[in-house]
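The values are calculated or read from the model by the stated rules, or taken from the named source; none is laboratory data. Please read these numbers as outputs of a predicted model, since none were measured by experiment. Cβ atoms come from the backbone with ideal geometry, glycine included; neighbour counts cover every protein chain shown. The area values use the complete protein model at the heavy-atom level, side chains included, leaving out ligands, DNA and RNA. Shrake-Rupley method; radii C 1.70, N 1.55, O 1.52, S 1.80 Å.
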Amino acid sequence: MTGRTLYWLGDGADEVRFTRIGADGLLAAEGAWHSDGDPPHDPEDFVVVAVPGQSAPVHGQALDGTAAQARTAARLALADTLAAGSGAAHVAVSETAEEGGNRLVALVDRDVMTDWLGACARLRITPTVMVPEPVLLTAPIDGFVSGPGTFGDILARGPDEAFAADPALAKAVIGGAAVRHLSAADIRQMQLAESETPALNLLQGDFAAAQPAAGQGTTRRTALLVGLALVALWLSALFDAWRHDRSAHALEAVIAETVAAAGVNAQTPGAALPALRLAAAERGAGGAFMLAFEALTAGIRGSAGLTIVSLDWQGGRLMAELAVAPGADPEALRAGVEAAGLRFVAGPVSGGEGTGNRAAVEITP
């Protein structure tokens, strides 16, 4: 190999950014390349194609065996987490473990992979490695490194995870973890260094051998655009499940302990609360969620005939479904909640066949 060329492949397939390092290890060329000219890489170059991280969330998992065995194990683990099949997803794993002992696992929609490879074929680029852009940041020992990405998003890299998101979501996912904020120059330096031996290659399994014909990505593009919002939502939900699994479990334990200590009657105090995965990272057990939760449990403890049936946390709001015994009134919670500086909204009490009376309440920090 005579050198190394790094391409950044975004949605626009007619122009891509590139940087080429010569065989002497020095910068040979960089800039924007238009598809109407010859590709700037040498035919013998090690070619790295960086793709948008929003479509390829990466998380660490403890996986043993060969790459093929690890992919199978990762697929099974993901299917179990989602309680649904993951047949429409392409799973890629790192060849070796990170310092913490976990291997990197990426999940990408198969149509997205096909589209990326179709774009490469049209551009006459044959990638040696295809890697989510956030993986090209140098992994910190703890916390996160984060900074602006090539595709208008924010990149974040932890010890064994990597993702890209809009600024608000990136901040929420990182939560209270320590963050080293990177400049564009810092990121460029890291990307050039990490592209020498990328930690993860998406070109595995069905996508390892052959690329699609140059027109194949185009035929899929219309269908891809139609389903893109749904795919993004699905991948985002999956990433939240990966990223916050341990945090959610810890938060659920705090919930159960708080309920027990308060002597509050709750039908499902320790049940899985999916929306709390994000809450756990966004605020932590001592933050907004727990402030609202403690106000709710204090009010329930002092109000006879009210029972917590279920909890949810969305958009900074704690929502609870309450079982309401005859003569009880959810409005009894208002004074205590508002005294804690929180906003309280109670829905009407309604009866359901076989469920008794129920009411929905909302507490906003």
Residue by residue through region 13-42, note down the ones that are in a strand (DSSP E or B), touching a residue at least 24 places away in the same chain (Cβ under 8 Å), open to solvent by less than 60 Å² (accessible area, probe 1.4 Å) and not hydrophobic (A, V, I, L, M, F, W, C).
T19, R20
Select from region 45-59 the residues that are assigned to a loop (DSSP other than H, G, I, E, B) and modelled with pLDDT under 90 and list them in ascending order.
A56, P57
Among (1) under 19 Å from T197 (Cα atoms); (2) at pLDDT 90 or above, the one test that S146 misses
(1)
Please determine whether any residue of region 303-321 is free of Cβ contacts under 8 Å to residues at least 24 places away in the same chain, open to solvent by 10 Å² or more (accessible area, probe 1.4 Å), in contact with a strand residue (DSSP E or B) (Cβ under 6 Å, 6 or more places away or on another chain) and assigned to a strand (DSSP E or B).
no
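Go through region 108-136 and give me each residue that's assigned to a helix (DSSP H, G or I), of a type in the set (K, R) and out of contact with any strand residue (DSSP E or B) (no Cβ under 8 Å at 6 or more places or on another chain).
Step one: filter region 108-136 for residues assigned to a helix (DSSP H, G or I), giving 110-122, 133-136.
In the following step, the residues that additionally are of a type in the set (K, R) were identified as 110, 122.
Listed by number, the list holds a single entry, R122.
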So A156 clears everything in (1) part of a helix (DSSP H, G or I); (2) in contact with a Ser or Thr (Cβ under 6 Å, 6 or more places away or on another chain) except one condition, right? Which one?
(1)
In this structure, is G147 open to solvent by 60 Å² or more (accessible area, probe 1.4 Å) and either part of a loop (DSSP other than H, G, I, E, B) or within 15 Å of A50 (Cβ to Cβ) (or both)?
no
All positions within region 336-365 that are open to solvent by 70 Å² or more (accessible area, probe 1.4 Å), free of Cβ contacts under 8 Å to residues at least 12 places away in the same chain and outside any loop (DSSP other than H, G, I, E, B):
E338, A339
